[in-house]
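K.L.:
I have a structure here, written as structure tokens, and I will follow up with some questions on it.
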Amino acid sequence: GDYVLIAAADALQKTVRQNDRVGRYGGEEFLLVLPGADGEGARRLAERCRHQVEALEVLLSDGRRVRVSASMGLYCNE
């Protein structure tokens, strides 16, 4: 679990813009704060993030490789 969370956080951090923030919100949940993004911009960025996370293949300590999936929800306060 920890390996996947670390890999997902890294993928998200590499995908968001310079002023955006990525944080762990719950057990397997992350929160992205996207200052200045409108609804459409946030949707596009969320989709890019989802693709990056789903492209991950995490190598576990026992040598197994696991694929990762992601789903995104948006709340915009424009």
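The values are calculated or read from the model by the stated rules, or taken from the named source; none is laboratory data. Source: prediction; values computed, not measured. Note that each Cβ is placed from the backbone with ideal geometry, even for glycine, and that neighbours are counted across all protein chains shown. Only protein heavy atoms, including side chains, enter the accessible area calculation; ligands, DNA and RNA are left aside. Shrake-Rupley method; radii C 1.70, N 1.55, O 1.52, S 1.80 Å.
K.L.:
Identify all residues within the stretch 35-56 that are within 15 Å of A8 (Cβ to Cβ) and of a type in the set (D, E); write none if there are none.
P.N.:
Answer for the stretch 35-56, where residues must be within 15 Å of A8 (Cβ to Cβ) and of a type in the set (D, E): just E54.
K.L.:
What number of residues in the stretch 15-28 are within 9 Å of the chain's Cα centre (by Cα) and either open to solvent by 30 Å² or more (accessible area, probe 1.4 Å) or among the acidic types (D, E) (or both)?
P.N.:
Final tally of qualifying residues: 1.
K.L.:
What pairs can you find where one residue is in the stretch 39-50 and at pLDDT 95 or above, the other is part of a helix (DSSP H, G or I), and their Cβ atoms are less than 6 Å apart, with a gap of 6+ or different chains?
P.N.:
Here the result reads R48/T15; C49/L12; C49/T15, each pair linking the stretch 39-50 to a residue that is part of a helix (DSSP H, G or I).
K.L.:
Do any strands (runs of 3 or more DSSP E) entirely within the stretch 29-72 hold 2 or more residues that are open to solvent by 100 Å² or more (accessible area, probe 1.4 Å), and if so, which?
P.N.:
Qualifying strands (runs of 3 or more DSSP E): 65-67.
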